[in-house]
Amino acid sequence: MSEIRKNDLVTVEIQDLAYGGLGVARHNGFVVFVPNALPGERVAARIVKKKANHAQAVLERIEQASPHRIANPPCPVYDRCGGCTWQNLPHEEQTRWKEKQVVDTLRHLGRQEAFETRPILRSPLAFRYRNKMEYSWGIEPSERHGAPQLVLGFHKPGRFDRILPVPACLLQPEALDELHATLLQWAREQGFGAHDPRRHEGFLRHAVMRYSFTTGESILLLLTHEGELTSKEQLVERLRERVGGFKAFVWGINRGVADVARIEEERWVWGNPILEEEVNGLRFEISPQSFFQTNTAGAALLYAKVAELAELAADSRLLDAYCGTGAIGLHCACQAGGVVGVEMVTEAIWNARRNAERNGIDNTVFLAAPMPRGLELARCAAGGAFSHVVIDPPRGGMDKRSLAGLIDLQAPTFLYVSCNPATLARDIVTICEGGYVIDVVQPVDMFPQTYHIETIVRLRRRDG
Ligand SMILES: C[S@@+](CC[C@H](N)C(=O)[O-])C[C@H]1O[C@@H](n2cnc3c(N)ncnc32)[C@H](O)[C@@H]1O
């Protein structure tokens, strides 16, 4: 095998797409990852990093393009944003590759062979499907005159301290385009500065916009460091004039060092910031800080499929761990004897309880506690063994203690809902070592244009 070295220019055929959206090629047997290159393409790529068993390259030239390649992706900042890296592939091709990536990851990282994979459930919307957008503020040179100016956008790829201005992201509903424009114009007029994460000083930090596809209403959360938010009433006035369905504004303080859009202290609220969504005939209220699946139409497919795969009976007792506003538990409750939901965000649990009530569901209990402590409370509340466990943890997957506790419940059916195939596969190894076998794998396309993918895995106890 001839050596491959940093800075080499190599011509390679792309054979696969890795999770994360990198084209995969082999050069003299050596694996080379090439961003923005698609399967079936021959490309010239420059090696930028070499590791023991693979190399990373940058795409220099496409010598033969894939027939599927979209030469001009619709987003004007596609080549600089790093968010929608798959806008160069038609939606149907994206889902085909995602399905393969789920299976490959479960085989290689999850060490699983025999399972049934169901065809991916495709998101009804390919663009403008998100009900929540999280923007960051920054100071960047103007593209027109070069002078520094306030911008609202996303972090540039690999940069925690630089912001790419994104005026109208194609993943958000159109109502949020106007909300974004009005907010930015007003903030510039006020002369506000942006938070500088290197020095941990400066005022504006994040703007979170949430939208209901059911009611057409939107809300804005503006997160700042300590300071005075002048003329906020004027902002509200303008948003009410210009953004149809604008219903609430929340100003919150975040003093923390971590770059997360979390409100430590609410300073000022206008309107009622609780949104409502209807999913599969169930009505959900959602508080500003509560999680809700970002693709509302995709969530309908996901929740209906979880309830179907659970195969519940009138005597089933289901644990909905990491339940958020109770969406999974409430979808399952009408077919089950009882549901216990556990979640660490108290507001989300208030939502879940009210959601049960307003949908006339009376066989659920929702408990506010972080895992693994929530598991002890859930056991007490259940008053018996669980027949079904459903977990839907954050992207990082399960912590060891919580997962061990859930396996110890020995529920005959275990459903894992995950937005990250890598952590899913890692946890599946532990669950299978704990006495389960994978039965069905159901990929769900919740995040079109990005490499992200949702998966439902159903496991059964070997001795069940
Ligand atoms: C991916 S969301 C799933 C929510 C819900 N199943 C749904 O579909 O709307 C993960 C949820 O886990 C919650 N969470 C994160 N860490 C937790 C922990 N240690 N204990 C309990 N809940 C946690 C988050 O607040 C969030 O609501």
Using a basic spin-label model with each label point 7 Å from the Cα along Cα→Cβ, how many nm lie between Gln15 and Arg199? 5.2 nm
How many angstrom separate the Cα center of segment 65-137 from the Cα center of segment 227-244? 36 Å
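What pairs in Lys98/Lys400; Lys50/Lys132; Lys50/Lys100; Lys50/Lys156; Lys132/Lys232 have C-alpha atoms more than 32 Å from each other?
Values: Lys98/Lys400 27 Å; Lys50/Lys132 38 Å; Lys50/Lys100 26 Å; Lys50/Lys156 24 Å; Lys132/Lys232 22 Å.
The pairs that break the limit, which is 32 Å between Cα atoms, are Lys50/Lys132.
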Ordered by packing density, taken as the mean number of other Cβ atoms within 10 Å over each peptide's residues, highest first, how do 325-331, 244-250, 44-50 rank? 325-331, 244-250, 44-50
Ordering Lys132, Lys6, Lys400 by how much accessible area each has at a 1.4 Å probe, largest first, what is the list? Lys400, Lys6, Lys132
Between Asp408 and Ala314, the two model label points (7 Å from Cα along the beta-carbon direction) sit apart by a distance in nm of 3.4 nm
Rounded to the nearest 10 Å², the accessible area of His91 at probe 1.4 Å: 40 Å²
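Using every Cα-Cα pair within the chain, state what percent have a distance larger than 32 Å.
Working: 49531 of 107416 pairs.
Result for the distance tail: 46 percent.
Considering only DSSP beta bridges where both residues belong to the chain, give the percentage that are antiparallel (nearest 5).
Numbers: 70 of 102 bridges.
Within the chain, antiparallel bridges account for around 70 percent of the total.
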Provide the solvent-accessible area of Arg373, counting protein heavy atoms only and rolling a 1.4 Å probe, rounded to the nearest 10 Å². 130 Å²
Taking every DSSP beta bridge with both residues inside segment 1-82, roughly what % is antiparallel (nearest 5)? 90 percent
At a Förster distance of 35 Å, what's the computed FRET efficiency of Glu226 paired with Ala422, Cβ-Cβ distance as r, to 0.05? 0.40
Which aspartates and glutamates, if any, have their Cα less than 18 Å from the Cα of Lys49, not counting same-chain residues under 8 positions apart? Glu3, Asp8, Glu60
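Given R₀ = 35 Å, what would the calculated FRET efficiency be for Arg188 paired with Val260, taking r from the Cβ atoms and rounding to 0.05?
Values: r = 25 Å, r/R0 = 0.71.
It comes out at approximately 0.90.
Looking at segment 259-361 only, what percent of DSSP beta bridges run antiparallel? Nearest 5 please. All intermediate terms of the calculation are to be shown ahead of the outcome.
Numbers: 5 of 10 bridges.
Restricted to segment 259-361, the bridges split so that about 50 percent are antiparallel.
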Of the GluC sites (Glu not before Pro) in segment 83-149, which ones lie in a loop per DSSP and count no more than 14 other C-beta atoms within 10 Å? Glu113, Glu143
Over the heavy atoms of Ser231, what accessible area does a 1.4 Å probe trace out, to the nearest 10 Å²? 50 Å²
Decide, for segment 9-69, between rounded, prolate and oblate: order the square roots of the alpha carbon gyration tensor eigenvalues as a ≥ b ≥ c, take rounded if a/c falls under 1.5, and otherwise choose prolate if a/b is larger than b/c, else oblate. prolate
Can you give me the C-alpha center-to-center distance between segment 393-451 and segment 274-344, rounded to a whole angstrom? 17 Å
Taking Cα pairs closer than 8 Å and at least 6 residues apart, the relative contact order of segment 291-375 in percent is 26 percent
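May I ask you to derive the FRET efficiency for His68 and Arg42 from their Cβ-Cβ distance with R0 = 25 Å, giving the value to the nearest 0.05?
Numbers: r = 14 Å, r/R0 = 0.58.
Efficiency computed from Cβ-Cβ geometry: 0.95.
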Leaving out ligands and nucleic acids, and using a 1.4 Å probe, what accessible area per residue does the chain come to in Å²? 43 Å²
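The values are calculated or read from the model by the stated rules, or taken from the named source; none is laboratory data. Everything numeric in this text was worked out from a predicted model, so none of it was measured. Using ideal geometry, Cβ is built from the backbone for each residue, glycine included, and neighbour counts are taken over all protein chains shown. Heavy atoms of the whole protein, side chains included, go into the accessibility calculation; ligands, DNA and RNA do not. Shrake-Rupley method; radii C 1.70, N 1.55, O 1.52, S 1.80 Å.
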